[in-house]
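Asker: Have a look at the structure that comes next, please.
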Amino acid sequence: MSDLILIDTDLVMFMPSFGAATVLVQPGQLKATGPATIGGKKICVDGDEKQVQVPGCTYVAPPFVIPGVGTLKIDSLAGDQKASHSNVDGKLILLKGGNFTAKFEVQSPAQQPAPPGPPVPDGSPSYSGQGQFIPANQTVTGT
């Protein structure tokens, strides 16, 4: 099945629900390394998704309601987000596809108020969620 080919600066949109955590998400951008181009922009190939990082996102994970901060990343692609046939220099081309698995890595944990003592920090180092690509290319597809 064919789908739109991803290119340099395409948006990476994360969904705010990361299991028990709710993240104030911000979009990321793909940085393409493929040698071929569409409309003057490089195409994305397998591995480019690993470079996406969106730092400085706040989150809460009740009962940890004092916000913490972390970084959004792409953990793994869905099966329909890598071309099965289309490739450049032996690397598979990335496609819009469905939803990828996202990871939220905690840098500064959210905290639970515990009066009269100090707040208790969230012990989870990361949370799992989902996201999707928003392609600028609306015409060229790969399989």
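The values are calculated or read from the model by the stated rules, or taken from the named source; none is laboratory data. Note that this is a predicted model, so its numbers are computed, not measured. Note: ideal-geometry Cβ built from the backbone for every residue, glycine included; neighbour counts use all protein chains shown.
Asker: Can you find, within the stretch 102-143, the residue that is farthest from the chain's Cα centre (by Cα) among those that are within 30 Å of residue 4 (Cα to Cα), aliphatic (A, V, I, L, M) and part of a strand (DSSP E or B)?
Answerer: For the stretch 102-143, the residue satisfying everything is 134.
Asker: If you check residue 12 against the conditions, is it out of contact with any Ser or Thr (no Cβ under 9 Å at 6 or more places or on another chain), in a loop (DSSP other than H, G, I, E, B), surrounded by 15 or more Cβ atoms within 10 Å (Cβ to Cβ) and of a type in the set (A, V, I, L, M, F, W, C)? Please lay out each step first, then the result.
Answerer: Numbers: out of contact with any Ser or Thr (no Cβ under 9 Å at 6 or more places or on another chain): yes; in a loop (DSSP other than H, G, I, E, B): no; surrounded by 15 or more Cβ atoms within 10 Å (Cβ to Cβ): yes; of a type in the set (A, V, I, L, M, F, W, C): yes.
For residue 12, the condition - out of contact with any Ser or Thr (no Cβ under 9 Å at 6 or more places or on another chain), in a loop (DSSP other than H, G, I, E, B), surrounded by 15 or more Cβ atoms within 10 Å (Cβ to Cβ) and of a type in the set (A, V, I, L, M, F, W, C) - is not met.
Asker: For the stretch 31-60, what are the residues that are buried (at least 16 other Cβ atoms within 10 Å of the Cβ), in contact with a Gly (Cβ under 8 Å, 6 or more places away or on another chain) and not acidic (Asp, Glu)?
Answerer: 33, 42, 43, 44, 45, 52, 54, 57, 59, 60
Asker: Scan the stretch 19-67 residue by residue and report those that are in contact with a Ser or Thr (Cβ under 8 Å, 6 or more places away or on another chain) and either at pLDDT below 95 or among the hydroxyl-bearing types (Ser, Thr, Tyr) (or both).
Answerer: Once the filter is applied, which keeps residues that are in contact with a Ser or Thr (Cβ under 8 Å, 6 or more places away or on another chain) and either at pLDDT below 95 or among the hydroxyl-bearing types (Ser, Thr, Tyr) (or both), the stretch 19-67 yields only 59.
Asker: While we're on this one: Please specify each residue of the stretch 87-115 satisfying the condition of being over 22 Å from residue 47 (Cα atoms) and at pLDDT below 95.
Answerer: From the stretch 87-115, those over 22 Å from residue 47 (Cα atoms) are 106-115; that's our starting set.
Listed by number, the residues that qualify are 114, 115.
Asker: Any idea which residue in the stretch 61-94 is nearest to the chain's Cα centre (by Cα), counting only those that are farther than 23 Å from residue 141 by Cβ and buried (at least 19 other Cβ atoms within 10 Å of the Cβ)? Can you show your working first?
Answerer: As a first pass, look at the stretch 61-94 and keep what is farther than 23 Å from residue 141 by Cβ: 61-73, 75.
Those left that are additionally buried (at least 19 other Cβ atoms within 10 Å of the Cβ): 61, 64, 68, 70, 72-73.
Details: 61: 19, 64: 23, 68: 19, 70: 13, 72: 6, 73: 4 Å.
The extreme case among them is 73.
Asker: Could you list all residues from the stretch 72-100 that are closer than 14 Å to residue 14 by Cα, part of a strand (DSSP E or B) and in contact with a Leu (Cβ under 8 Å, 6 or more places away or on another chain)?
Answerer: 100
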